[in-house]
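J.: Quick one: the structure is below, and I'll ask about it shortly.
Values quoted throughout were computed directly from the atomic coordinates according to the rules given, and no laboratory measurement underlies them. Treat the numbers as computed from the prediction; the structure is a model and nothing was measured. Cβ coordinates were reconstructed from backbone atoms using ideal geometry, including for glycine residues, and neighbour counts include every protein chain displayed.
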Amino acid sequence: MLANLVSSSPCGLCITDARAPGGDDPIVFVNRAFEAQTGYGAAECEGRNCRFLQSPFGSGRAPSFASGSIRKAVAAGTRRTVRILNYKKDGTPVWNDLSVVPLRNVSGAVTHFVGMQTFTPIGDLVTAAGQGGLTQGAQQQGEGGQQQQQPQQQGEGGLSAALRRLKSAGLAAKSQSCCDLSGMASGGGRPLRAL
């Protein structure tokens, strides 16, 4: 039943192996929604770190505030929710509302991470910006669901300022996500038996 739920979820899901040699958390599973939303098939994803989505055509990695935040959460074995700029296989940029959650074995050690993703085309958020749908800065959600806000530059307003914030911060308005983890306690739930 759990395998069917994960496979058929409308939310893009990937699972990485935290125990893999080299500590690079390679992808060991992606569901059909992840494949459909990114354009990458499971065989193209497995063995790679999710960073490949951070540059056009999977050619490398573009560092950002959000990716640094994800790295810190993975290193600490904690949950993190961010909005990050990703790219589909065809090079199309998309915003990814990404929640990364550690999975622990029966002894409490982190064995895997689940990445739950909701991809939004850039144009949808630009439209939201023009309709006042942007927050007053870039937000990310950390452990316990608290919001951490990046300050907005003084004197900015209107669509051009919103577009600058979208470009520079890589973050924008909070969208409705199929992957809302606000009620999920870090490390809670049943332990992962095998993957």
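J.: Report the charge-dipole magnitude of segment 2-121 in Debye, nearest 20, computed about the Cα centre from +1 at each Lys and Arg Cβ and -1 at each Asp and Glu Cβ.
T.: 340 debye
J.: Follow-up. Run the numbers for residue 9 and residue 89: contour at 0.36 nm per residue of separation, minus the present Cα-Cα distance, in nm.
T.: Here the segment from residue 9 to residue 89 would lengthen by 26.7 nm.
J.: Beta carbons within 10 angstrom, averaged per residue: use that to sort the peptides 103-109, 48-54, highest first.
T.: In decreasing order of mean packing, 103-109, 48-54 become 48-54, 103-109.
J.: Classify segment 1-109 as rounded, prolate or oblate from the Cα gyration tensor: take a ≥ b ≥ c as the square roots of its eigenvalues, call it rounded if a/c is under 1.5, otherwise prolate when a/b beats b/c and oblate if not.
T.: Taking the square roots of the gyration eigenvalues as a ≥ b ≥ c, segment 1-109 is oblate.
J.: Next question. Neighbour counts of other C-beta atoms within 10 Å: give me 119, 57 arranged from fewest to most.
T.: 57, 119
J.: Putting +1 on Lys and Arg Cβ atoms and -1 on Asp and Glu Cβ atoms, find which of 93, 82, 16 reaches farthest to the positive end of the dipole of segment 2-121.
T.: 82
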